[in-house]
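Visitor: Here it is, the structure, as structure tokens.
A short reminder: the numbers here are calculations on the coordinates, not readings from a lab. Worth saying up front: this structure is predicted, and the values here are computed from it rather than measured. Positions of Cβ are generated from backbone atoms using ideal geometry, with glycine treated the same way; all protein chains shown enter the neighbour counts.
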Amino acid sequence: MGIKLNIACGQRLQPGWTGLDIAEKDKVAVPEEAAYVEWDVLSFPWPIASNSVSEAFCSHFVEHIPHTLVGQPQYKNGLVLFMEEVYRVLEPQGMIRIECPYYSSQRAHQDPTHCRSITENTFRYFDRRWLESMGMSHYEIRTDFEVVGTTLLLDEKYDLVSEEEKQRAIKHDLNAVLDIYVVLRKR
């Protein structure tokens with residue numbers, strides 16, 4: 001079994017996982033049965049072998065990735081570079097779970113360090129088959145992820161309303177959806 005990689009883990013590293021984060025190692029609580037790699041997550045390549053990660057997790061980081069990264073070509077978007085690196089380290093059929101604020105949530109926009117908004121379709125751009133079906137195979141994105149699942153975390157005030165009302169709120173109400181959870185599998 002490959003590495004379980006927590007990308008931009010901060011202080012949330014769990015036993016059995018390898019954390020990858022810019023924070024100095026002596027300032028991170030590394031639990032027993034965990035490993036930590038001090039590294040700028042936006043500096044590629046990561047010190048992780050290609051095809052060595054079976055499972056990856058990234059929570060509340062992708063919205064912070066600048067559109068342009070220092071030392072990288074101006075035409076190559078930062079999120080694209082990040083996802084290409086995730087693709088490189090994942091083993092075939094490896095999975096990544098990404099959590100971030102949903103585009104219509106105030107939380108997606110209130111933090112001045114957020115650089116982008118995320119929707120249900122954002123990660124479809126990393127699926128080569130989807131790009132081809134949309135006539136966008138000319139996009140220079142070197143990944144082929146299958147979107148396995150997308151979950152929207154709704155504000156608790158929608159817990160007791162009908163499914164019809166939830167769907168209406170998702171489409172029309174600001175702050176109805178707080179976060180989006182996306183699971184991708186490397187083809």
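Visitor: List the relative contact order of segment 13-56 as a percent without decimals, with contacts defined as Cα pairs under 8 Å and 6+ residues apart.
Guide: 37 percent.
Visitor: Through the Karplus equation 6.51 cos²θ - 1.76 cosθ + 1.60, θ set to phi - 60°, convert the phi angles of segment 89-96 into ³J(HN,Hα) values in whole Hz; use x for Gly and Pro.
Guide: Rounded to whole hertz, the list is 7, 5, 6, x, 6, x, 10, 10.
Visitor: Still on this structure, please answer the following. Once Lys and Arg get +1 and Asp and Glu get -1 on their Cβ, which of His114, Phe126, Asn175 lies farthest toward the positive end of the dipole of the chain?
Guide: Phe126
Visitor: Expressed as a whole number of Å, what is the distance separating the alpha-carbon centroids of segment 133-172 and segment 1-66?
Guide: Segment 1-66 and segment 133-172 have Cα centres separated by 26 Å.
Visitor: Report for the chain the percent antiparallel among DSSP-assigned beta bridges with both residues inside it, nearest 5.
Guide: About 45 percent, rounded to the nearest 5.
Visitor: Okay, moving on. Name the residue from Ile48, Ser137, Leu79 whose Cα lies farthest towards the positive end of the charge dipole of the chain, charges +1 on Cβ of Lys and Arg and -1 on Cβ of Asp and Glu.
Guide: It is Ser137.
Visitor: Between (1) -0.35; (2) -0.28; (3) -0.42, which matches log10 I(q)/I(0) by the Debye sum over Cα atoms at q = 0.09 Å⁻¹ calculated for the structure shown?
Guide: (1)
Visitor: Can you give the relative contact order of segment 70-166 as a percent, counting alpha carbon pairs under 8 Å and 6+ residues apart?
Guide: Contact order relative to length: 23 percent.
Visitor: Return the distance in nm (one decimal) between the two label points of a simple spin-label model at Glu120 and Lys157, each offset 7 Å from Cα along Cα→Cβ.
Guide: Using points 7 Å along Cα→Cβ, the separation is 2.2 nm.
Visitor: Continuing with this model, one more query. Would you mind putting 95-105, 133-143, 173-183 in packing order, based on average other-beta-carbon counts within 10 Å, highest first?
Guide: By packing density, highest mean first, the sequence is 95-105, 173-183, 133-143.
Visitor: Now a separate question. To the nearest 10 degrees, how steep is helix 163-172 against the longest Cα principal axis of the chain, on a 0 to 90 scale?
Guide: For 163-172 against the chain, the angle is about 70 degrees.
Visitor: I need to check one value: relative contact order of the chain, counting alpha carbon pairs closer than 8 Å and at least 6 residues apart, in percent.
Guide: Once normalised by length, the contact order is 20 percent.
Visitor: Also, quick follow-up: Give me the percent of Cα-Cα pairs in segment 59-114 that sit more than 15 Å apart, rounded to a whole number.
Guide: Considering segment 59-114, 57 percent of its Cα-Cα pairs are separated by more than 15 Å.
Visitor: What are the ³J(HN,Hα) values, in whole Hz, obtained from phi via the Karplus relation 6.51 cos²θ - 1.76 cosθ + 1.60 with θ = phi - 60°, for each residue of segment 155-162 in sequence order, with x given for Gly and Pro?
Guide: 4, 4, 5, 9, 4, 9, 8, 5
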